[in-house]
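First the structure, in the form of structure tokens, and then the observations on it.
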Protein chains: 2
Amino acid sequence: MNDALTILRRCGIKPTPQRIAVVNYVLKSTTHPTAEDVLDHSRKKCPTVSRATVYNTLNLLAAKGLLKTQVLKEGTVVFDPNARQHHHFIDDDTGVIYDIPWSSLAVSGKEKLRDYEVREYQVILRGRRTKRK
Amino acid sequence: MNDALTILRRCGIKPTPQRIAVVNYVLKSTTHPTAEDVLDHSRKKCPTVSRATVYNTLNLLAAKGLLKTQVLKEGTVVFDPNARQHHHFIDDDTGVIYDIPWSSLAVSGKEKLRDYEVREYQVILRGRRTKRK
DNA sequence: TTTTGTTCTTGACACCGTCTAAATTTAAAA
DNA sequence: TTTTAAATTTAGACGGTGTCAAGAACAAAA
């Protein structure tokens, strides 16, 4: 089972109603929510959850590798529950962020970059989504 | 001549002491300054320049294509005076952003992305700079 | 029960970027 | 030159994001 309780226990994070609410939303999300998004949705399940707890929990999950923070929007970090490597496409009109599978793109030339030790990389594309899903 | 005065006139922006101070710093910068960086340095030449004027001027320059705003750091936009296409490498330890020449990397597979109309793209790499310049 | 340690909440805080109203500067017209 | 209008700058207020500290609530153990 991959419910929030199991996930938290497996990571050695003590489960609490607040953390369960956060995990349930953010790890099932197919979008790229901001902390504020997570707060709003978590409060539907756990009305008293505070901003600080949401940030603490999200940062805990990030430290455990269950999600990744991405700097893709101005003024705010977004949280990405897709832990596998992938690229991102950002719609100029809507600002919506789409995941692009790792296998869709190939980047050549990294190995020739002297003086740079590359730990990770991604392609960020911008433009328009032509077809709605 | 490529001094600030000439640049501003060529773009149809009325030169003022404040704008000249901003342009002189940001367009000659080889780093990726934040608005706050630009404000600090501009005040050395023009001590009364205000935050709002710096933002106004930077946004004007961006609208004219003389620089580009980049979302590469958490919590703040950086301004990039390098108007040509290029990629970015961000040092894990220092946060310093380095330009990677466009010709150094090649991205293949974009043309196969159905449903996405790509207007621009770049590779963002993270890791360590191994050699100081 | 009391103790101990963890977690949560509240509210304060600093920072970024935008906005507004007022003041200043500039340019143009009389 | 004086007047008028337009453009620009300024200071400060504002809303949003994220962090922090202090105390309250909670759970586990003795």
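The values are calculated or read from the model by the stated rules, or taken from the named source; none is laboratory data. Bear in mind that the values here come from a model prediction, so they are computed numbers and not experimental data. Every residue, glycine among them, receives a Cβ derived from its backbone with ideal geometry; neighbour counts consider all protein chains shown.
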- Message: If I go through the range B:43-78 residue by residue, how many of them are within 7 Å of DNA strand D (Cβ to nearest atom) and closer than 30 Å to A:T69 by Cβ?
- Response: 3
- Top-ranked residue in the range A:38-71 [being among the small types (G, A, S) and in a loop (DSSP other than H, G, I, E, B); ranked as farthest from DNA strand C (Cβ to nearest atom)]: A:G65
- Would you be able to tell me the number of residues in the range A:1-37 that are over 24 Å from A:I90 (Cα atoms), of a type in the set (V, I, T) and not in a helix (DSSP H, G or I)? 2
- Message: Can you find a residue that is under 15 Å from the mean Cα position of the chain (by Cα) and buried (at least 18 other Cβ atoms within 10 Å of the Cβ) anywhere in the range B:2-20?
- Response: no
- Task: Check whether at least one residue in the range A:79-89 is touching a residue at least 12 places away in the same chain (Cβ under 8 Å), within 14 Å of DNA strand D (Cβ to nearest atom) and within 30 Å of A:P15 (Cα to Cα), and report yes or no.
- Result: yes
- Return a yes/no flag: does the range A:115-127 have any residue that is crowded, with 16+ Cβ neighbours inside 10 Å, over 14 Å from B:V123 (Cβ atoms) and in contact (Cβ under 8 Å) with a residue 12 or more places away in the chain. yes
- Message: Given the criteria at the interface with chain B (Cβ under 7 Å from one of its Cβ atoms) and either more than 14 Å from the chain's Cα centre (by Cα) or at pLDDT 95 or above (or both), does A:V54 qualify?
- Response: no
- Please verify whether the range A:15-37 includes one or more residues that are within 14 Å of chain B (Cβ to nearest Cβ), of a type outside the set (V, I, T) and more than 12 Å from DNA strand C (Cβ to nearest atom). yes
- Task: Being buried (at least 17 other Cβ atoms within 10 Å of the Cβ) and away from chain B (no Cβ under 12 Å) is the filter; apply it to the range A:69-114 and report the residue that is nearest to B:A106 (Cα to Cα).
- Result: A:H86
